Amino acid sequence: MVHRLDEPEEFGVAVSGATLTAQFLEPQAQPTRIEQFQSPDWVIDFHEAHVRARILAGLPAGWASLGIMCGDRPSPWYGFEARRGTMVCTPPGEMIDGCTVPAFYCVSIGFSPRLWERCRQITVPERSVFGGCAAHSLPADVFTRLLQQLQQAGRRLQQATLAPLRARQTAAEVTHLVGEIGVIAWALTGEDARTNDSLRNRARLTRRADVWLREHLGQAVRVPDVCAALQVSRRELEYAFRHTLDLSPQEYLRTLRLNAIHCVLRGRESSDRSLLEIALEHGVTHPGRFAAQYRALFGHRPSETRKGKTPPPSRT
């Protein structure tokens with residue numbers, strides 16, 4: 001399956017099997033492209049994104065996910081700065097949480113509970129828990145080899161869709177490769193545990209704040225309100241957002257409101273309400289700035305979104 005994604009609401013398909021939401025933080029330069037392959041034990045998604053966007057996704061029960069970063073620009077995931085050659089690990093029970101950036105390239109791999117358990121037994125049978133989300137820099141030679149093998153696997157899977165008789169053999173070969181990658185992830189986990197815990201705590205605080213802000217979008221909340229609700233200092237909250245998303249809490253709240261308004265304007269339920277009414281319902285306190293901020297993020301006016309006449313993103 002190949003998907004072309006133009007709007008944040010379309011990103012729900014970006015991770016196979018996951019319940020995903022996306023929030024644009026900057027305008028999208030050109031459509032995002034996702035190519036997906038699925039089997040009972042694994043899923044592989046080839047991502048090519050051209051937008052800075054917050055990604056939050058819940059995995060199917062018992063499934064794990066690994067992302068191998070292939071682009072030249074670093075992007076934040078779980079508080080880690082994921083560069084080319086970084087493996088980002090999301091164990092069962094955790095959420096995929098991070099940002100894409102322009103020229104973002106990543107291969108993500110989902111593991112069924114059965115395959116993930118097999119990788120554990122092969123690597124660290126004495127341990128039963130992977131730990132929290134983490135990011136590890138792969139050795140250069142390992143990253144180069146895995147990337148080449150994954151790209152070859154993608155081509156073979158494409159061919160298998162046209163030649164069903166080859167599908168079983170191809171699936172078996174890919175299962176072996178995916179298992180090898182899972183073994184590498186289990187072998188790497190546990191390193192730098194103290195540093196990883198600190199980074200994960202910042203990401204968790206950002207996620208808690210995100211949940212609270214979404215619940216209070218219709219109110220004129222400010223950063224001190226978030227701090228009081230979560231019982232953290234302003235400095236702690238600012239540092240968590242800067243480290244995790246490279247945004248201040250106030251900047252993030254503004255994009256959160258604009259994305260929510262964008263979603264409403266694309267739906268039929270907005271037709272009988274004015275733009276000002278919808279903006280005010282989402283906590284906009286400066287209506288005069290709203291249209292300019294909206295256009296800066298999505299590349300078109302709110303009225304154009306409502307009419308379904310949004311121009312295509314500019315290509316660079």
Segment 56-72, subset closer than 18 Å to Arg118 by Cβ and of a type outside the set (A, V, I, L, M, F, W, C), residue nearest to the chain's Cα centre (by Cα): Ser65
- prompt: In the list Arg204, Arg208, Arg168, Arg155, which residue meets the criterion of being in a helix (DSSP H, G or I), outside the structural domain of Ser128 (by TED's automatic domain parsing) and surrounded by fewer than 17 Cβ atoms within 10 Å (Cβ to Cβ)?
  reply: Arg208
task: Would you list the strands (runs of 3 or more DSSP E) that sit entirely within segment 64-149 and hold 2 or more residues that are surrounded by 16 or more Cβ atoms within 10 Å (Cβ to Cβ) and modelled with pLDDT of 95 or more?
output: 64-69, 86-90, 104-111
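So in segment 54-63, with the set limited to residues that are on the phi < 0 side of the Ramachandran plot and part of a loop (DSSP other than H, G, I, E, B), which one is surrounded by the fewest Cβ atoms within 10 Å (Cβ to Cβ)?
Only one residue tops the list, namely Ala61.
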statement: Of those in segment 276-316 that are more than 26 Å from the chain's Cα centre (by Cα) and among the polar types (S, T, N, Q), the residue modelled with the lowest pLDDT is Thr285
query: Pairs, please: C-beta under 7 Å, at least 6 apart or cross-chain, first residue of a type in the set (S, T, N, Q) and in segment 110-135, second part of a loop (DSSP other than H, G, I, E, B)?
result: Ser112/Pro40; Ser112/Asp41; Ser112/Trp63
message: Looking only at segment 219-275, filter to residues that are in a helix (DSSP H, G or I) and among the polar types (S, T, N, Q); which one of those is modelled with the lowest pLDDT?
response: Ser270
message: I'm told Ala61 meets every condition in (1) without any contact (Cβ under 8 Å) to a residue 60 or more places away in the chain; (2) in contact with a Phe, Trp or Tyr (Cβ under 8 Å, 6 or more places away or on another chain) except one. Can you identify the failing condition by its number?
response: (2)
message: Give me the residue from segment 222-257 that is within 13 Å of Leu25 (Cβ to Cβ) and aromatic (Phe, Trp, Tyr) and, out of that set, surrounded by the fewest Cβ atoms within 10 Å (Cβ to Cβ).
response: Tyr252
message: Any residue that is over 30 Å from Leu157 (Cα atoms), of a type outside the set (A, V, I, L, M) and without any contact (Cβ under 8 Å) to a residue 24 or more places away in the chain - is there at least one of those in segment 177-191?
response: no
- prompt: Within the group Val226, Val221, Val174, Val264, which residue is within 25 Å of Ala57 (Cβ to Cβ) and touching a residue at least 60 places away in the same chain (Cβ under 8 Å)?
  reply: Val174
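Residue-by-condition table, conditions (1) farther than 30 Å from Ala134 by Cβ; (2) without any contact (Cβ under 8 Å) to a residue 40 or more places away in the chain; (3) of a type in the set (A, V, I, L, M):
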residue	(1), (2), (3)
Thr244	no, no, no
Leu247	no, no, yes
Gln250	no, yes, no
Thr255	no, no, no
Ala260	yes, no, yes
Arg273	yes, yes, no
His282	yes, no, no
Pro287	yes, yes, no
Gln293	yes, yes, no
query: So, in segment 98-130, of the ones that are under 17 Å from the mean Cα position of the chain (by Cα) and of a type in the set (S, T, N, Q), which residue ends up farthest from Arg83 (Cα to Cα)?
result: Ser108
message: Being part of a helix (DSSP H, G or I), crowded, with 17+ Cβ neighbours inside 10 Å and hydroxyl-bearing (Ser, Thr, Tyr): is that true of Thr161 here?
response: no
- request: Identify, by number, the condition in (1) more than 12 Å from the chain's Cα centre (by Cα); (2) without any contact (Cβ under 8 Å) to a residue 60 or more places away in the chain; (3) assigned to a loop (DSSP other than H, G, I, E, B) that Val51 doesn't meet.
  value: (1)
query: Does segment 208-218 include one or more residues that are closer than 21 Å to Pro76 by Cα, in contact (Cβ under 8 Å) with a residue 60 or more places away in the chain and within 22 Å of the chain's Cα centre (by Cα)?
result: yes
query: How many residues, within segment 219-265, are closer than 21 Å to Pro76 by Cα and aliphatic (A, V, I, L, M)?
result: 6
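The values are calculated or read from the model by the stated rules, or taken from the named source; none is laboratory data. These numbers come from a predicted model, not from an experiment. Positions of Cβ are generated from backbone atoms using ideal geometry, with glycine treated the same way; all protein chains shown enter the neighbour counts.
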